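FYI, it's all coordinate maths here, none of it is from the lab. Nothing here was measured: the structure is a model prediction, and the numbers come from that model. For neighbour counting, all protein chains shown are included, and Cβ atoms are generated from backbone atoms with ideal geometry for every residue, glycine included.
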Amino acid sequence: MKDIDWIAADWGTSNLRVWGLNRQCQVVAERSSDQGMAKLDRSGFEPALLALTNDWLPQNRQTPVVCCGMVGARQGWIEVPYRQVPCKPVGFDVGGGPETRDPRLRVFILSGVKQTGTAPDVMRGEETQIAGIISDDPQFAGVLCLPGTHTKWVRIDAGEIVRFRTFMTGELFDLLSAHSVLRHSLDGKGSDSVEFATSIEAMDAEAAQLASRLFSIRAQALVSELSPATAKARLSGLLIGAELAAAKDDWFDQALTIVGNGPQAELYAEGLRVLGQAPRIVDASHVTLIGLKWAYLQIAKEFP
């Protein structure tokens with residue numbers, strides 16, 4: 001692993017993903033584990049990092065490790081202060097890093113972004129994806145949707161995060177699926193695109209009926225043999241549809257990009273298509289890595 005000059009790390013709540021990069025910022029190695037923030041106390045972060053990178057580290061120098069995500073949260077390795085919007089998505093003016101026991105490591109943790117005032121909000125990790133979007137397209141202006149457990153809608157203008165909103169839709173889906181009466185009507189198999197689209201349209205027309213329509217999933221399963229696949233599609237459609245209705249001022253008639261991977265990003269894209277929009281989708285892992293590369297180049301200027 002002599003070609004590895006620095007390490008990029010995307011450290012979320014559930015998982016850790018690392019890339020080893022050479023001087024030209026080309027990826028020469030990649031690994032991941034399930035050692036996300038939620039599984040670690042403060043003493044566990046350095047061992048979790050070394051478990052993936054120990055054989056990448058030369059003995060005769062420090063290797064920079066640039067981290068984004070929940071590793072910088074209050075429950076993370078160290079708490080790194082937020083930067084206030086409007087701001088560039090990634091800046092190292094208030095970033096920082098923990099002291100490490102292993103002298104081969106020099107860890108930098110990127111700060112998150114906060115919004116104060118009448119609509120307080122925070123993000124950690126998404127700002128690095130946004131930096132990747134802007135690095136790829138410096139003239140980008142529009143709205144980003146970043147689906148996840150807590151989905152972000154972000155307004156970008158002149159290379160800055162102008163404002164953003166977070167919706168707990170993913171977490172609500174998990175809670176309702178596993179811990180509410182609806183759990184008896186759902187399973188993880190199959191899909192129903194027609195029911196999903198119908199539920200999106202229902203919320204666009206009358207989002208105030210969300211709570212009532214949620215219970216209809218259980219009621220119809222009891223009296224009309226609603227299939228588990230259709231019940232799951234309805235739950236997804238109602239929750240995403242309610243979010244799209246609430247966020248309509250953000251996405252309607254805007255240049256809209258979804259930053260995501262896999263089924264969840266596709267559901268958001270399909271929901272928006274049902275409502276007459278044509279979003280593009282970019283790969284979240286790709287833009288995260290671009291954002292980390294951009295941050296590393298800034299750090300290298302400050303800490304040669």
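Tabulated results
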read-out	value
Some residue of the range 89-112 being closer than 25 Å to residue 238 by Cβ and of a type in the set (A, V, I, L, M)	no
Top-ranked residue in the range 219-234 [being buried (at least 18 other Cβ atoms within 10 Å of the Cβ) and of a type in the set (D, E, K, R); ranked as farthest from residue 181 (Cα to Cα)]	234
All positions within the range 47-74 that are within 12 Å of residue 16 (Cα to Cα) and in contact (Cβ under 8 Å) with a residue 24 or more places away in the chain	48, 49, 50, 52, 53, 67, 68, 69, 70, 71
Flag if residue 80 is out of contact with any Leu (no Cβ under 6 Å at 6 or more places or on another chain) and part of a strand (DSSP E or B)	no
Helices (runs of 4 or more DSSP H) wholly inside the range 164-279 that include at least 2 residues being without any contact (Cβ under 8 Å) to a residue 40 or more places away in the chain and among the polar types (S, T, N, Q)	210-223
